[in-house]
Amino acid sequence: MSRDDALARRRWLGMVGSRIVGSAGAVFGLVLAARAHDWPVKVLGVAITLSALAVVAIVPASLAHRWRTPPQP
């Protein structure tokens with residue numbers, strides 16, 4: 001495997017890993033909100049869910065933008 005291939009694989013794994021972690025955080029937030037008895041804990045669960053969904057939407061796109069190949073002249 002060449003150096004460029006290894007770099008591309010690491011970057012791809014980073015993007016996929018951020019999606020997996022964000023999805024796990026969203027599931028955790030949903031479970032927390034569903035099983036909570038007090039309203040502050042429910043609000044915390046909803047906040048965790050929303051922030052995790054934002055991570056799933058924003059982080060991979062920003063990483064892809066940062067790591068894109070520069071245009072050739």
Quickly estimate the mean residue ellipticity at 222 nm for the chain, helices only: each DSSP H run with n ≥ 4 gives -39500 (n - 2.57), and the total goes over all residues, rounded to 500. -31000 deg cm²/dmol
In degrees, nearest 10, the alpha-carbon axis of helix 3-35 is tilted away from the dominant principal axis of the alpha carbons of the chain by 10 degrees
For the Cα atoms of the chain, what angle does the longest principal axis make with the long axis of helix 39-67, in degrees from 0 to 90, nearest 10? 10 degrees
So for the chain, using the alpha carbon gyration tensor with a ≥ b ≥ c as root eigenvalues (a/c under 1.5 gives rounded; past that, a/b versus b/c decides prolate or oblate), I'd call it prolate
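How high is the FRET efficiency from VAL27 to HIS65, r the C-beta distance, R0 25 Å, rounded to 0.05?
Values: r = 27 Å, r/R0 = 1.07.
Taking R0 as 25 Å, the efficiency between VAL27 and HIS65 is 0.40.
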If I take every Cα pair under 8 Å that is 6 or more residues apart in the chain, average their sequence separation and divide by the length, what percent do I get for the relative contact order? 33 percent
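No value in this document is a laboratory result; all are computed from the given coordinates. All of these numbers come straight from a predicted model, not from anything done at the bench. Reconstructed Cβ throughout: ideal geometry from the backbone, glycine too, with neighbour counts over all protein chains shown.
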